[in-house]
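The values are calculated or read from the model by the stated rules, or taken from the named source; none is laboratory data. Please read all numbers here as calculations on a predicted model, not as lab measurements. Glycine gets a Cβ as well: all are built from the backbone with ideal geometry, and neighbour counts include every protein chain shown. These accessible areas exclude ligands, DNA and RNA; they are computed on the full protein's heavy atoms, side chains included. Shrake-Rupley method; radii C 1.70, N 1.55, O 1.52, S 1.80 Å.
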Amino acid sequence: MATSIGEISMESSSSTLARLAPLQAVLFDIDGTLCDSDPFHYLAFREMLLEIGYNGGVPVDEEWFVKTISGKHNDDLVSVLFPNDHERGVKFLDDKEALFRRLAKEQLKPQNGLYKLRKWIEDHGLKRAAVSNAPRANAELCINQVGLADFFDALILGSDCKHAKPYPDPYLKALEVLNVSKDHTFVFEDSVSGIKAGVAAGMSVIGLANRNPSQLLMEAKPVFLIKDYEDPKLWAALEEIDKMSVTRKTTT
């Protein structure tokens, strides 16, 4: 039986991350992790799929979106949505991304507590990268819209790698680009695909349970789930990292 947010104790959450001390870097997914962009993706898919008569002309629902679309790379979605017409699938998804950008522009909002976490990361001098399956135009739009254009040291895209998420390649490339160890880095993700990628890369992943069902996310094996960046569970864990960092300094 999958573990829910409430069943993960704050104490165990904190101790899990404390072993990463001294921390070197924090990695972020973009869509749904930095900003609440999934509603705009859902609306774009629903509108465009309805236009072509997908699903017998019945509008797709959010449950379908979470199961079929969320966190996946467009190359994979072409095969899912248009298994017999690759060229049409590529054109459809290009048009869908353009519609997403029109819908989302000026409307994207940062996840609660993001700027508080940003300050903590900057105050600790940590390296950071954004790691996404999104097309570059989407990724840059989201980062710019939430005011983090100057925050990240690197932007790693699934299209930059041999394999996109859920394979570990994008996160492994981020570690390489930042020149940091997986043993001193953790990840923020909001999708099953993204959590699986971070875990497969050997890193601790904190899942954001803001849109996707908690039970599905836990099946991907994050260290714990949070509601947003204001979650007391997250700040208890960060405090434990600080304490462990001090302890290890005094014993060396």
Kindly list, by first and then second residue, each pair from a residue in the range 56-79 that is without any contact (Cβ under 8 Å) to a residue 12 or more places away in the chain to a residue that is open to solvent by less than 20 Å² (accessible area, probe 1.4 Å) and in a helix (DSSP H, G or I), limited to pairs with Cβ atoms under 8 Å and residues at least 6 apart or on different chains.
SER79/GLY89
Any idea which of (1) at pLDDT below 95; (2) closer than 18 Å to ASP31 by Cα is the one LYS249 doesn't satisfy?
(2)
Contacts under 8 angstrom Cβ, first residue in the range 109-130 being closer than 20 Å to LYS182 by Cα, partner open to solvent by 20 Å² or more (accessible area, probe 1.4 Å) and among the β-branched types (Val, Ile, Thr), 6 or more apart
LYS127/VAL180; ALA129/VAL177
Residue in the range 62-69 that is among the aromatic types (Phe, Trp, Tyr) and crowded, with 18+ Cβ neighbours inside 10 Å present:
yes
